[in-house]
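Structure first, commentary second.
The values are calculated or read from the model by the stated rules, or taken from the named source; none is laboratory data. All figures in this text were calculated on a predicted structure; none of them were measured in a lab. Cβ: placed from backbone, ideal geometry, glycine included. Neighbour counts: every protein chain shown. When the accessible area is computed, the model is the full protein with side chains, heavy atoms only, and any ligands, DNA or RNA have been set aside. Shrake-Rupley method; radii C 1.70, N 1.55, O 1.52, S 1.80 Å.
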Amino acid sequence: MNAFRAMGCDVVLPYGTPAGLVRALFEERDARFSRFRPSSELSRVNALPLGLTLVSGEFASMLCLSLDAARATDGLVTPAVGGAIVAAGYDRDFDRLPPDVGAVVPAAVPSWHSISVHGGGLLRTEVVQLDLNGVVKGKTVDDALEIAGSGWVSAGGDVAAVEPVVVGLPGGGRIALHDGGLATSSVAKRRWLADGVAQNHLIDPRTGRPTTSLWRDVTVAAPSCFIADVAAKAALLLGTAGPAWLDERNLAGRFVSHGGAVTLNESWSARAPERVAA
């Protein structure tokens, strides 16, 4: 297999895929959408968080996808959480965060309806710090697979495939993904303290605070990695309502509690033959 590091995770490809082109795609997206690079387009856009801002076609396209995700999840997965995640203490690359960032004050999450895209113009009618991490990685995995033309692409365990691949699952076990996407949303790793209080990177826009969901990990299988990633985030934020929310959309979901207990929604259980024993 070929592997490289990008977007804070390991990207893995089977041999024979155009690794150079895939790597260039991940690095270009990371350079454009990183919150931690002062030179990124996202940083430039967030420096002027109100009114009309001109953006590139690539930025406008990704932001439109993020607004689509907000619409599909009733605002649970929203690009408007940038200010809230910084307020929670996640204001630099995770590897540079101290164990305890000190006292923090939660920030309200503006409505995603205050954001609109008009050609190359981004309009914000409220002060909004954007964070597009809810969609960038999943979409990039899908686009990388399109470049590869065959096989599969994995980024931090989020996978898109057009050929069968066996994927490890949080808490143990594996699944055979025949095609489409598989993504996991998790609060297990990107955690820190703020004046002794546990924080994580997944902001609940209803509270402006890191989620306190009973789920540690949510894995979703979907037609694409982008859809799986957005759905996994929404289902984790929904807590006890997450399994049924996925079932209503005919999406298979696997939920792991903070204690390690595994819950499968009906759609996942119905596809049990696709699972592979640990």
### Query
Taking region 82-94 as the region of interest, how many residues are open to solvent by 60 Å² or more (accessible area, probe 1.4 Å) and either on the phi > 0 side of the Ramachandran plot or without any contact (Cβ under 8 Å) to a residue 24 or more places away in the chain (or both)?
1
### Task
Determine if region 1-20 includes at least one residue that is in contact with a Pro (Cβ under 8 Å, 6 or more places away or on another chain) and assigned to a loop (DSSP other than H, G, I, E, B).
yes
### Message
Go through (1) modelled with pLDDT of 95 or more; (2) among the aliphatic types (A, V, I, L, M); (3) open to solvent by 30 Å² or more (accessible area, probe 1.4 Å) for Val276 and report which single condition fails.
### Response
(1)
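Being without any contact (Cβ under 8 Å) to a residue 60 or more places away in the chain, touching a helix residue (DSSP H, G or I) at 6+ places or on another chain (Cβ under 6 Å) and outside any helix (DSSP H, G or I): is that true of Pro38 here?
no
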### Task
Check Val77, Val86, Val81, Val105 and return the single one that is in contact with a helix residue (DSSP H, G or I) (Cβ under 7 Å, 6 or more places away or on another chain), among the hydrophobic types (A, V, I, L, M, F, W, C) and at pLDDT 95 or above.
Val77
### Task
Would you check which residues across region 41-66 are under 21 Å from Asp229 (Cα atoms) and either open to solvent by less than 20 Å² (accessible area, probe 1.4 Å) or touching a Leu at 6+ places or on another chain (Cβ under 6 Å) (or both) and list them?
Leu42, Phe59, Ala60, Met62, Leu63, Ser66
### Task
Identify, from the list Leu97, Leu130, Leu123, the residue that is touching a Gly at 6+ places or on another chain (Cβ under 8 Å) and loosely packed, with under 14 Cβ neighbours inside 10 Å.
Leu123
### Task
Please work out which residue is surrounded by the fewest Cβ atoms within 10 Å (Cβ to Cβ), limiting yourself to region 185-206 and to residues that are of a type in the set (Val, Ile, Thr) and closer than 20 Å to Thr78 by Cβ.
Val187
### Query
Mind checking which pairs have a first residue in region 42-53 that is under 22 Å from Arg29 (Cβ atoms) and touching a residue at least 40 places away in the same chain (Cβ under 8 Å) and a second that is of a type in the set (Gly, Ala, Ser) and not in a strand (DSSP E or B), Cβ under 7 Å, 6 or more apart or different chains?
Leu42/Ser34; Asn46/Gly82
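Out of region 123-161, which residues are on the phi > 0 side of the Ramachandran plot and under 11 Å from the mean Cα position of the chain (by Cα)?
Once the filter is applied, which keeps residues that are on the phi > 0 side of the Ramachandran plot and under 11 Å from the mean Cα position of the chain (by Cα), region 123-161 yields only Gly156.
A quick yes/no check of all residues on (1) in contact with a Ser or Thr (Cβ under 9 Å, 6 or more places away or on another chain); (2) outside any strand (DSSP E or B); (3) of a type in the set (Lys, Arg); (4) more than 22 Å from Ala232 (Cα to Cα):
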| residue | (1), (2), (3), (4) |
| --- | --- |
| Arg23 | no, yes, yes, yes |
| Val45 | yes, yes, no, yes |
| Leu48 | no, yes, no, yes |
| Leu67 | yes, yes, no, no |
| Ala70 | yes, yes, no, no |
| Ile85 | no, yes, no, no |
#### Entry: Test: residue in region 133-147 that is part of a loop (DSSP other than H, G, I, E, B) and in contact (Cβ under 8 Å) with a residue 60 or more places away in the chain
no
### Query
Quick one: in region 180-197, which of the residues that are outside any strand (DSSP E or B) and of a type outside the set (D, E, K, R) is nearest to Val105 (Cα to Cα)?
Gly196
### Query
What are the residues in region 87-102 that are of a type in the set (Gly, Ala, Ser) and either within 22 Å of Ala31 (Cα to Cα) or in a loop (DSSP other than H, G, I, E, B) (or both), if any?
Ala88, Gly89, Gly102
### Task
Hey, could you check region 1-37 for residues that are polar (S, T, N, Q) and surrounded by 20 or more Cβ atoms within 10 Å (Cβ to Cβ) and say which is nearest to Thr140 (Cα to Cα)?
Ser34
### Query
Which numbered condition trips up Val105, out of (1) β-branched (Val, Ile, Thr); (2) part of a helix (DSSP H, G or I); (3) more than 25 Å from Val12 (Cβ to Cβ)?
(2)
